[in-house]
Amino acid sequence: MAGPRTLLLTGAAGGVGTAMRELLPGYGYDLRLFDVTPIETGPDEAPAITADLADTEAVRRAVRGADAVVHLAGISLESSFDDILRANVQGTYNLYEGARAEGVRRVVFASSNHAVGFTPSPSAGEPPIPADVPHRPDTFYGLSKCFGEDLASLYWDRHGIETVSIRIGSCFPQPTSVRMLSIWLSPEDCARLLHAALTAQDVGHTVVNGSSANTRQWLDLASARALGYEPRDDSEKYARKLIDEQGELDLENPEHARLGGRFCTAQPPLWQQPASRP
Ligand SMILES: NC(=O)c1ccc[n+]([C@@H]2O[C@H](COP(=O)([O-])OP(=O)(O)OC[C@H]3O[C@@H](n4cnc5c(N)ncnc54)[C@H](O)[C@@H]3O)[C@@H](O)[C@H]2O)c1
(Lines give C-alpha, C1' and ligand atoms only; values in the text may rest on other atoms or scores of the structure.)
Protein backbone atom coordinates (compact mmCIF):
# COMPACT_ATOMS: atom_id res chain seq x y z
CA MET A 1 0.00 0.00 0.00
CA ALA A 2 1.34 3.44 -0.88
CA GLY A 3 1.78 5.81 2.05
CA PRO A 4 -0.22 9.01 2.41
CA ARG A 5 0.59 11.85 0.04
CA THR A 6 -1.44 14.92 1.05
CA LEU A 7 -0.70 15.80 4.66
CA LEU A 8 -2.51 18.33 6.79
CA LEU A 9 0.17 19.85 9.02
CA THR A 10 -1.46 21.67 11.95
CA GLY A 11 0.71 24.03 13.96
CA ALA A 12 2.73 24.70 10.82
CA ALA A 13 3.80 28.17 12.01
CA GLY A 14 5.41 26.81 15.18
CA GLY A 15 8.96 25.71 15.85
CA VAL A 16 8.50 22.06 14.92
CA GLY A 17 6.01 22.90 12.18
CA THR A 18 8.40 25.29 10.47
CA ALA A 19 11.15 22.65 10.48
CA MET A 20 8.78 19.97 9.19
CA ARG A 21 7.55 22.29 6.47
CA GLU A 22 11.11 22.26 5.14
CA LEU A 23 11.90 18.60 5.71
CA LEU A 24 8.73 16.62 4.98
CA PRO A 25 8.44 17.52 1.27
CA GLY A 26 11.74 15.64 0.89
CA TYR A 27 9.82 12.46 1.76
CA GLY A 28 7.34 13.07 -1.06
CA TYR A 29 4.50 14.68 0.88
CA ASP A 30 2.33 17.54 -0.34
CA LEU A 31 1.72 19.71 2.69
CA ARG A 32 -1.42 21.59 3.58
CA LEU A 33 -0.35 24.08 6.24
CA PHE A 34 -2.75 25.05 9.03
CA ASP A 35 -2.22 27.46 11.92
CA VAL A 36 -4.00 30.26 13.73
CA THR A 37 -0.90 32.34 12.99
CA PRO A 38 -0.78 33.43 9.34
CA ILE A 39 1.91 31.76 7.23
CA GLU A 40 3.38 33.27 4.11
CA THR A 41 3.92 30.48 1.61
CA GLY A 42 6.44 30.22 -1.20
CA PRO A 43 5.77 29.63 -4.90
CA ASP A 44 6.07 25.84 -4.49
CA GLU A 45 3.60 25.68 -1.62
CA ALA A 46 -0.19 25.65 -1.48
CA PRO A 47 -1.68 28.68 0.31
CA ALA A 48 -1.76 28.09 4.06
CA ILE A 49 -5.01 27.87 6.00
CA THR A 50 -5.27 30.45 8.75
CA ALA A 51 -7.82 29.24 11.29
CA ASP A 52 -8.31 28.36 14.92
CA LEU A 53 -8.83 24.73 15.96
CA ALA A 54 -11.95 26.03 17.72
CA ASP A 55 -13.54 26.71 14.31
CA THR A 56 -15.08 23.31 13.62
CA GLU A 57 -16.13 24.16 10.06
CA ALA A 58 -12.67 25.44 9.17
CA VAL A 59 -11.09 22.33 10.69
CA ARG A 60 -13.41 20.08 8.76
CA ARG A 61 -12.64 21.88 5.48
CA ALA A 62 -8.91 21.66 6.25
CA VAL A 63 -9.09 17.91 6.82
CA ARG A 64 -11.22 17.21 3.73
CA GLY A 65 -9.31 15.24 1.11
CA ALA A 66 -6.15 14.88 3.22
CA ASP A 67 -4.60 11.40 3.36
CA ALA A 68 -3.29 11.92 6.88
CA VAL A 69 -2.85 14.56 9.57
CA VAL A 70 0.22 15.54 11.55
CA HIS A 71 -1.30 17.33 14.53
CA LEU A 72 1.18 19.75 16.10
CA ALA A 73 -1.12 22.71 16.81
CA GLY A 74 -1.88 23.73 20.34
CA ILE A 75 -0.41 25.42 23.36
CA SER A 76 3.05 23.89 23.75
CA LEU A 77 3.87 25.10 27.28
CA GLU A 78 2.00 25.32 30.55
CA SER A 79 -0.87 27.79 30.55
CA SER A 80 -4.13 28.39 32.39
CA PHE A 81 -6.51 25.45 32.55
CA ASP A 82 -9.09 27.33 30.46
CA ASP A 83 -6.62 28.12 27.67
CA ILE A 84 -5.33 24.53 27.61
CA LEU A 85 -8.90 23.25 27.60
CA ARG A 86 -9.80 25.32 24.57
CA ALA A 87 -6.73 24.83 22.40
CA ASN A 88 -5.49 21.37 23.34
CA VAL A 89 -8.54 19.48 24.57
CA GLN A 90 -11.42 20.96 22.56
CA GLY A 91 -9.09 21.69 19.64
CA THR A 92 -7.81 18.11 19.41
CA TYR A 93 -11.35 16.79 19.71
CA ASN A 94 -12.41 19.08 16.83
CA LEU A 95 -9.53 17.75 14.77
CA TYR A 96 -10.47 14.10 15.35
CA GLU A 97 -14.15 14.81 14.71
CA GLY A 98 -13.18 16.45 11.43
CA ALA A 99 -11.03 13.45 10.55
CA ARG A 100 -13.85 11.06 11.36
CA ALA A 101 -16.43 13.00 9.38
CA GLU A 102 -14.11 13.33 6.36
CA GLY A 103 -12.83 9.74 6.39
CA VAL A 104 -9.18 10.45 7.21
CA ARG A 105 -7.61 7.21 8.44
CA ARG A 106 -4.24 8.20 9.92
CA VAL A 107 -3.16 10.84 12.43
CA VAL A 108 0.20 11.47 14.02
CA PHE A 109 -0.34 13.25 17.33
CA ALA A 110 2.36 15.38 18.93
CA SER A 111 2.18 14.20 22.52
CA SER A 112 4.85 15.07 25.03
CA ASN A 113 7.19 13.73 27.68
CA HIS A 114 5.09 15.91 30.01
CA ALA A 115 2.23 13.38 29.73
CA VAL A 116 4.45 11.20 31.91
CA GLY A 117 6.59 13.97 33.38
CA PHE A 118 6.52 12.73 36.98
CA THR A 119 8.20 9.47 35.94
CA PRO A 120 11.58 9.32 37.73
CA SER A 121 14.55 10.01 35.50
CA PRO A 122 16.61 6.85 34.97
CA SER A 123 19.98 6.92 36.67
CA ALA A 124 23.13 5.75 34.90
CA GLY A 125 22.91 2.02 34.20
CA GLU A 126 19.12 1.90 34.55
CA PRO A 127 17.05 1.10 31.47
CA PRO A 128 15.45 4.03 29.64
CA ILE A 129 11.78 4.91 30.18
CA PRO A 130 9.54 2.78 27.96
CA ALA A 131 6.60 4.24 26.04
CA ASP A 132 4.10 2.17 28.02
CA VAL A 133 4.62 3.78 31.43
CA PRO A 134 1.37 5.02 33.01
CA HIS A 135 0.30 8.61 32.54
CA ARG A 136 1.85 10.90 35.16
CA PRO A 137 1.19 14.40 33.82
CA ASP A 138 3.26 17.17 35.34
CA THR A 139 1.07 20.15 34.30
CA PHE A 140 -2.32 20.98 32.76
CA TYR A 141 -0.36 20.94 29.50
CA GLY A 142 0.82 17.36 30.18
CA LEU A 143 -2.71 16.43 31.17
CA SER A 144 -3.98 17.66 27.80
CA LYS A 145 -1.48 15.36 26.09
CA CYS A 146 -2.81 12.43 28.16
CA PHE A 147 -6.27 13.41 26.90
CA GLY A 148 -5.02 13.52 23.31
CA GLU A 149 -3.51 10.05 23.61
CA ASP A 150 -6.73 8.66 25.08
CA LEU A 151 -8.81 10.42 22.45
CA ALA A 152 -6.64 8.76 19.81
CA SER A 153 -7.23 5.40 21.50
CA LEU A 154 -11.00 5.99 21.48
CA TYR A 155 -11.06 7.02 17.82
CA TRP A 156 -9.09 3.90 16.91
CA ASP A 157 -11.29 1.49 18.85
CA ARG A 158 -14.52 3.22 17.97
CA HIS A 159 -13.93 4.66 14.51
CA GLY A 160 -10.90 2.86 13.08
CA ILE A 161 -8.74 5.98 12.80
CA GLU A 162 -5.13 4.96 13.35
CA THR A 163 -2.82 7.20 15.37
CA VAL A 164 0.79 7.21 16.36
CA SER A 165 1.14 9.38 19.48
CA ILE A 166 4.70 10.61 19.75
CA ARG A 167 5.86 11.65 23.21
CA ILE A 168 8.33 14.21 21.97
CA GLY A 169 11.27 14.86 24.26
CA SER A 170 12.75 18.21 23.14
CA CYS A 171 12.65 19.03 19.45
CA PHE A 172 14.83 22.05 18.73
CA PRO A 173 17.74 22.67 16.37
CA GLN A 174 20.06 21.85 19.27
CA PRO A 175 19.74 21.04 22.99
CA THR A 176 19.99 24.04 25.30
CA SER A 177 20.22 22.34 28.71
CA VAL A 178 21.93 19.32 30.23
CA ARG A 179 18.47 17.77 30.75
CA MET A 180 17.75 18.11 27.05
CA LEU A 181 20.85 16.05 26.24
CA SER A 182 18.85 13.01 27.41
CA ILE A 183 15.64 13.71 25.50
CA TRP A 184 16.70 15.68 22.42
CA LEU A 185 14.99 14.99 19.09
CA SER A 186 16.77 16.65 16.19
CA PRO A 187 14.45 18.14 13.56
CA GLU A 188 15.89 15.70 10.99
CA ASP A 189 15.13 12.71 13.25
CA CYS A 190 11.69 14.19 13.91
CA ALA A 191 10.99 14.10 10.17
CA ARG A 192 12.30 10.49 10.04
CA LEU A 193 10.01 9.54 12.91
CA LEU A 194 6.97 11.26 11.38
CA HIS A 195 7.61 9.49 8.08
CA ALA A 196 7.84 6.13 9.88
CA ALA A 197 4.63 6.91 11.80
CA LEU A 198 2.82 7.85 8.60
CA THR A 199 3.87 4.81 6.59
CA ALA A 200 4.01 1.91 9.10
CA GLN A 201 1.21 -0.63 8.66
CA ASP A 202 -1.40 -1.61 11.23
CA VAL A 203 -0.45 0.81 13.97
CA GLY A 204 -3.90 0.96 15.60
CA HIS A 205 -3.07 3.38 18.37
CA THR A 206 0.63 3.21 19.12
CA VAL A 207 2.47 5.38 21.64
CA VAL A 208 6.15 5.98 21.02
CA ASN A 209 8.85 8.10 22.57
CA GLY A 210 10.36 10.70 20.28
CA SER A 211 14.07 11.37 20.61
CA SER A 212 17.31 10.98 18.74
CA ALA A 213 19.84 8.22 19.48
CA ASN A 214 21.36 10.16 22.37
CA THR A 215 24.33 8.78 24.27
CA ARG A 216 22.69 9.93 27.54
CA GLN A 217 19.32 8.57 26.51
CA TRP A 218 16.36 8.57 28.94
CA LEU A 219 13.70 7.46 26.46
CA ASP A 220 13.29 3.91 25.18
CA LEU A 221 12.83 3.95 21.42
CA ALA A 222 11.79 0.29 20.97
CA SER A 223 8.21 1.03 19.90
CA ALA A 224 9.40 3.85 17.60
CA ARG A 225 11.99 1.57 16.01
CA ALA A 226 9.27 -1.06 15.53
CA LEU A 227 7.59 1.43 13.17
CA GLY A 228 10.78 1.58 11.10
CA TYR A 229 12.28 4.68 12.73
CA GLU A 230 16.06 4.80 12.59
CA PRO A 231 17.42 7.86 14.39
CA ARG A 232 20.75 9.19 13.17
CA ASP A 233 21.53 12.06 15.52
CA ASP A 234 23.05 12.19 19.00
CA SER A 235 23.06 15.18 21.37
CA GLU A 236 26.52 14.20 22.60
CA LYS A 237 28.24 16.66 20.31
CA TYR A 238 26.67 19.47 22.38
CA ALA A 239 27.40 17.89 25.77
CA ARG A 240 30.80 19.37 26.64
CA LYS A 241 29.75 22.98 26.14
CA LEU A 242 26.46 22.58 28.07
CA ILE A 243 28.11 20.73 30.96
CA ASP A 244 30.83 23.38 31.18
CA GLU A 245 28.13 26.06 31.37
CA GLN A 246 25.57 24.29 33.59
CA GLY A 247 27.36 21.46 35.38
CA GLU A 248 26.68 17.73 35.13
CA LEU A 249 23.18 16.35 35.30
CA ASP A 250 22.42 15.60 38.95
CA LEU A 251 19.46 13.36 39.79
CA GLU A 252 19.57 14.64 43.40
CA ASN A 253 18.55 18.00 41.97
CA PRO A 254 14.70 18.04 41.93
CA GLU A 255 14.79 19.72 38.52
CA HIS A 256 16.58 16.70 37.08
CA ALA A 257 15.01 13.94 39.17
CA ARG A 258 11.88 13.59 37.03
CA LEU A 259 11.49 13.30 33.29
CA GLY A 260 9.45 16.53 33.14
CA GLY A 261 12.22 18.61 34.71
CA ARG A 262 11.16 22.02 35.95
CA PHE A 263 7.55 21.39 34.88
CA CYS A 264 7.40 19.15 37.98
CA THR A 265 8.93 21.56 40.45
CA ALA A 266 8.21 25.16 39.47
CA GLN A 267 6.80 27.35 42.25
CA PRO A 268 4.52 29.12 41.72
CA PRO A 269 3.14 26.75 39.06
CA LEU A 270 4.31 27.50 35.53
CA TRP A 271 0.92 28.71 34.38
CA GLN A 272 1.33 31.67 36.77
CA GLN A 273 4.73 32.54 35.30
CA PRO A 274 5.81 34.06 31.97
CA ALA A 275 6.23 31.38 29.27
CA SER A 276 9.61 29.68 29.24
CA ARG A 277 10.89 26.34 28.06
CA PRO A 278 12.54 24.40 30.93
N1 LIG B 1 9.18 21.35 20.65
C2 LIG B 1 9.24 20.42 21.58
O3 LIG B 1 10.29 20.13 22.13
C4 LIG B 1 8.01 19.65 21.97
C5 LIG B 1 8.11 18.70 23.01
C6 LIG B 1 6.99 17.96 23.33
C7 LIG B 1 5.81 18.14 22.63
N8 LIG B 1 5.75 19.08 21.66
C9 LIG B 1 4.46 19.29 20.96
O10 LIG B 1 4.71 19.40 19.58
C11 LIG B 1 3.85 20.38 19.01
C12 LIG B 1 4.67 21.43 18.30
O13 LIG B 1 5.55 22.03 19.23
P14 LIG B 1 6.28 23.41 18.92
O15 LIG B 1 7.47 23.46 19.77
O16 LIG B 1 6.40 23.60 17.45
O17 LIG B 1 5.19 24.42 19.51
P18 LIG B 1 4.92 25.92 19.06
O19 LIG B 1 4.27 26.60 20.22
O20 LIG B 1 6.14 26.53 18.48
O21 LIG B 1 3.85 25.76 17.88
C22 LIG B 1 2.49 25.47 18.13
C23 LIG B 1 1.68 26.11 16.99
O24 LIG B 1 0.31 25.83 17.23
C25 LIG B 1 -0.42 26.98 16.88
N26 LIG B 1 -1.67 26.99 17.63
C27 LIG B 1 -1.83 27.13 18.97
N28 LIG B 1 -3.13 27.13 19.30
C29 LIG B 1 -3.81 26.98 18.13
C30 LIG B 1 -5.18 26.90 17.81
N31 LIG B 1 -6.12 27.00 18.76
N32 LIG B 1 -5.54 26.76 16.52
C33 LIG B 1 -4.59 26.69 15.54
N34 LIG B 1 -3.28 26.75 15.79
C35 LIG B 1 -2.89 26.89 17.06
C36 LIG B 1 0.47 28.15 17.27
O37 LIG B 1 0.10 29.33 16.54
C38 LIG B 1 1.84 27.63 16.91
O39 LIG B 1 2.24 28.01 15.62
C40 LIG B 1 2.99 20.92 20.16
O41 LIG B 1 1.77 20.22 20.19
C42 LIG B 1 3.81 20.60 21.37
O43 LIG B 1 3.00 20.45 22.53
C44 LIG B 1 6.82 19.84 21.31
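The values are calculated or read from the model by the stated rules, or taken from the named source; none is laboratory data. Source: prediction; values computed, not measured. Cβ: placed from backbone, ideal geometry, glycine included. Neighbour counts: every protein chain shown. Heads up: the accessible areas ignore ligands, DNA and RNA and are worked out on the full protein's heavy atoms, side chains in. Shrake-Rupley method; radii C 1.70, N 1.55, O 1.52, S 1.80 Å.
Some values worked out for this structure:
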read-out: Inter-site label distance for ASP150 and GLU236 at 7 Å from Cα along Cβ, in nm; value: 4.0 nm
read-out: Cα-projected label distance for ARG225 with GLU40, points at 7 Å along beta-carbon direction, nm; value: 4.4 nm
read-out: The chain: Cα Rg divided by the 2.2 N^0.38 Å rule of thumb; value: 0.96
read-out: The chain: most fluctuating residue of TYR155, TYR238, TYR96 per GNM, C-alpha cutoff 10 Å; value: TYR238
read-out: Global form of the stretch 122-166, assessed from the alpha-carbon gyration tensor, a/c cut-off 1.5; value: oblate
read-out: FRET efficiency estimate (nearest 0.05) - Cβ-Cβ, GLN272 to ALA54, R0 25 angstrom; value: 0.55
read-out: Simple spin-label estimate for PHE81 and PHE172 in nanometres, 7 Å along Cα-Cβ; value: 3.0 nm
read-out: Whole-Å distance, taken between Cα centres, linking the stretch 60-104 and the stretch 179-197; value: 22 Å
read-out: Per residue accessible area of the chain, 1.4 Å probe, in Å²; value: 45 Å²
read-out: For the chain, built as a Gaussian network whose Cα springs stay under 10 Å, the top-fluctuating residue of GLU149, GLU97, GLU57; value: GLU57
read-out: Highest-MSF residue in the chain out of HIS159, HIS114, HIS135 [GNM, Cα springs under 10 Å]; value: HIS159
read-out: Karplus (6.51, -1.76, 1.60) ³J(HN,Hα), θ = phi - 60°, over the stretch 240-250, in Hz, Gly and Pro reported as x; value: 4, 4, 5, 5, 4, 7, 10, x, 5, 4, 9
read-out: Added length on full extension, which subtracts the Cα-Cα distance from 0.36 nm per residue, GLN201 to THR6; value: 68.4 nm
